[in-house]
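The values are calculated or read from the model by the stated rules, or taken from the named source; none is laboratory data. Because the structure is predicted, anything quoted here is derived from the model rather than measured. Every residue, glycine as well, gets a Cβ built from its backbone with ideal geometry; the counts of neighbours run over all protein chains shown.
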Amino acid sequence: MGKYFKFILVFAVAFFTQKKGQSQIVKFIKNAVAAKYRVYITQNKREATHLIFRVSSPSEIRKAGHWYVVSNPILFKNSITLYEVKKKSNADIVVFYVSNPDSASIHIK
């Protein structure tokens, strides 16, 4: 019974945070056409449009810029789909991963 409770709890938290509009539950997919956004991950903070802090569970999402990267795409089928590109010029958003949750932010340029 413990497995089912955990499944329901994680699903409920993910669903609730998505409804609030502040969550960022994302999954990287291999099909560029099916992805909602093309993402370039940079090592240069100055060129980023999104400063992202990766959280380890959906319940840790506190604000925009906190991403829970899905490891189970079936459980989070409504997550935002992303495709990683190799060139910044091909990206819709440019991501720099930060190590401090307070540093996370989304800059619309």
(request) Give the range 65-80 a look and list any residue that's at pLDDT 90 or above and farther than 11 Å from residue 28 by Cβ, or say none. (result) 65, 66, 68
(request) From the list 100, 78, 72, pick out the single residue that is without any contact (Cβ under 8 Å) to a residue 12 or more places away in the chain and of a type outside the set (Gly, Ala, Ser). (result) 72
(message) So, in the range 50-67, how many residues would count as being under 14 Å from residue 102 (Cβ atoms) and of a type outside the set (D, E, K, R)?
(response) 8
(request) Name, by its number, the condition in (1) under 18 Å from residue 28 (Cβ atoms); (2) surrounded by fewer than 15 Cβ atoms within 10 Å (Cβ to Cβ) that does not hold for residue 83. (result) (2)
(request) Please find, within the range 24-38, the residue that is surrounded by the fewest Cβ atoms within 10 Å (Cβ to Cβ) out of those that are β-branched (Val, Ile, Thr) and over 20 Å from residue 61 (Cα atoms). (result) 33
(message) Between a residue in the range 28-45 that is charged (D, E, K, R) and any residue that is part of a strand (DSSP E or B), which pairs come within a Cβ distance under 6 Å, given they are 6 or more apart or on different chains?
(response) 36/80; 36/81; 38/83; 45/96
